[in-house]
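In what follows, a single structure is set out as structure tokens and then discussed.
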Amino acid sequence: MVTFDGFNELDSFIAAALINRCRKDGLEAFITTPTPVVTSMNGVEVRGQRPMEFVTEAGAVLIGSGVRTRDVVADDRLLSTLALDPSRQLIGSQCSGALVLARLGLLGTMPACTDLISRPFVQACGITVLDAPFHAEGNIATAGGCLASQYLATWVITRTLGPDAARDVIGYVAPVGEGEQTVERAMRAVGTGEIALR
């Protein structure tokens, strides 16, 4: 979970926490940072679990968002540490993280999802922005809206461990009394509803 200074806690922590519920099955998320400590948009200091170089080893890389993403995409040195390869990695972005994917040239002609504040900046990169919480094509996915981070996690879990594993995780964290609806909404969002619904 790539996490920059000024990050949004919901984006980084929700996806990482959901994926880490699959540790017993060999899937584990790490907060990956460009400096040893990063500070969130609300002043929460977090020590990175892995350095940025780890992104080249990871099977899945999710780019979080935050209030300084435009500074990130203007920093060629920092972007050069994100040597991502969609032929062998799942790559996703949360909200303004779509700017990073666009700047890296990973979106191509693919439409993207992002948050309302980031929308005009993503569009300025020549990317069509969807009015949707999640969109994926092949090994690349984008999510828009903080709580859509659950969809990124659902996508990663589904693609690596299968839909049943994703259903189990989302069902466990769902609000009491809303498990079935929450699971079905997440699975539909990531395009696996026909597989997931029993």
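The values are calculated or read from the model by the stated rules, or taken from the named source; none is laboratory data. The structure displayed is predicted, hence computed values, not measured ones. Here the Cβ positions follow ideal geometry from the backbone for every residue, glycine too, while neighbour counts run over all protein chains shown. Note: accessible area is taken over every heavy atom of the protein model, side chains too, but ligands, DNA and RNA are not part of it. Shrake-Rupley method; radii C 1.70, N 1.55, O 1.52, S 1.80 Å.
Scan the range 76-111 for residues that are of a type in the set (Val, Ile, Thr) and either surrounded by fewer than 20 Cβ atoms within 10 Å (Cβ to Cβ) or in a loop (DSSP other than H, G, I, E, B) (or both) and jot them down.
Thr81, Thr109
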Q. Going by the structure shown, is Glu9 at pLDDT 95 or above, open to solvent by 50 Å² or more (accessible area, probe 1.4 Å) and of a type in the set (Asp, Glu)?
A. no
**Q.** Yes/no for Phe4 being touching a Ser or Thr at 6+ places or on another chain (Cβ under 8 Å) and either polar (S, T, N, Q) or on the phi < 0 side of the Ramachandran plot (or both)
**A.** yes
Q. Only one of these conditions is not met by Phe4: (1) in contact with a helix residue (DSSP H, G or I) (Cβ under 6 Å, 6 or more places away or on another chain); (2) not in a loop (DSSP other than H, G, I, E, B). Which number is it?
A. (2)
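Suppose we keep only residues that are free of Cβ contacts under 8 Å to residues at least 40 places away in the same chain and out of contact with any helix residue (DSSP H, G or I) (no Cβ under 8 Å at 6 or more places or on another chain) within the range 127-163. Which one would you say is most open to solvent (accessible area, probe 1.4 Å)?
Here the answer is Asp131.
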Q: Would you tally the residues in the range 140-185 being of a type outside the set (Ser, Thr, Tyr) and under 14 Å from the mean Cα position of the chain (by Cα)?
A: 15
